[in-house]
Each structure stands twice: as C-alpha cells, then as structure tokens.
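Written below as structure tokens is the structure these notes are about.
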Amino acid sequence: MALNRKQKKQIEAARNKINSLRQQLAGARKQPDDPEDIPRLEAQIAKLEADIEAIRNG
C-alpha cells in the first residue's frame with residue numbers, strides 16, 4: 001500500500017525525533033547523571049519505531 005502525504009510526514013517526523021533521541025542516548029551513556037535516562041530514552045525510541053511500523057502497515 002502506498003503511503004499518503006500525511007503518513008510520509010508522520011514517518012519523517014518520527015525519524016527526526018528518533019535521531020534526536022539517539023543523540024541524547026549516546027550522551028546519557030557517556031555521562032550517566034540520571035540512571036533512569038537510558039531506559040526512558042530506549043523506550044521512547046522503541047515506541048517511535050513501533051509507530052513507524054504501524055503507519056507503514058496501515
């Protein structure tokens with residue numbers, strides 16, 4: 001199924017957010033100030049990746 005413009009925009013926004021979260025995650029791993037940051041960031045990334053798959057699969 002082809003994606004419409006809205007779906008493509010949603011996927012693009014989610015990918016941008018994932019990139020930002022991955023940078024934050026890398027920083028949190030280098031300097032673990034708050035031990036809750038790493039699992040929280042990983043969970044957010046996983047949720048966004050799941051959202052992308054849900055959009056793709058309809």
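The values are calculated or read from the model by the stated rules, or taken from the named source; none is laboratory data. The structure presented is a predicted model; accordingly, all values stated were derived computationally and were not measured. Here the Cβ positions follow ideal geometry from the backbone for every residue, glycine too, while neighbour counts run over all protein chains shown. Quick note on the areas: whole protein, heavy atoms, side chains included, nothing else; ligands and nucleic acids left out. Shrake-Rupley method; radii C 1.70, N 1.55, O 1.52, S 1.80 Å.
So what are the chain's ellipsoid semi-axes, whole angstrom, largest first, if each one is the square root of 5 times an eigenvalue of the alpha-carbon gyration tensor? Can you show the working numbers first?
Details: eigenvalues 158, 22, 7 Å².
Calculated on Cα positions only, the semi-axes equal 28, 10, 6 Å.
Enter the accessible area per residue of the chain (Å², integer; probe 1.4 Å; all protein chains in place). Let's see the in-between values first.
Numbers: 4530 Å² over 58 residues.
The answer is 78 Å² per residue.
Place a point 7 Å from Cα of Lys47 in the direction of its Cβ. Which residues in the stretch 12-35 have their backbone N less than 19 Å from it?
Counting only backbone N, you get 12-26, 28, 35.
Mind checking the dipole of the chain: about its Cα centre, +1 per Lys or Arg Cβ, -1 per Asp or Glu Cβ, Debye to the nearest 20?
On the way: 12 positive and 9 negative charges, 98 e Å.
The dipole of the chain has a size of about 480 debye.
Less than 25 Å apart at the alpha-carbon level, and either on another chain or at least 8 residues along: which lysines does that give for Lys9?
Lys17, Lys47
Among Ile18, Ile38, Ala28, pick out the residue whose Cα is farthest towards the positive end of the charge dipole of the chain, where Lys and Arg carry +1 and Asp and Glu carry -1 on C-beta, about the Cα centre.
Highest projection toward the positive end goes to Ile18.
Tally Lys and Arg at +1 and Asp and Glu at -1 over the other residues with C-beta under 14 Å from the C-beta of Asp34: what net charge comes out?
-1
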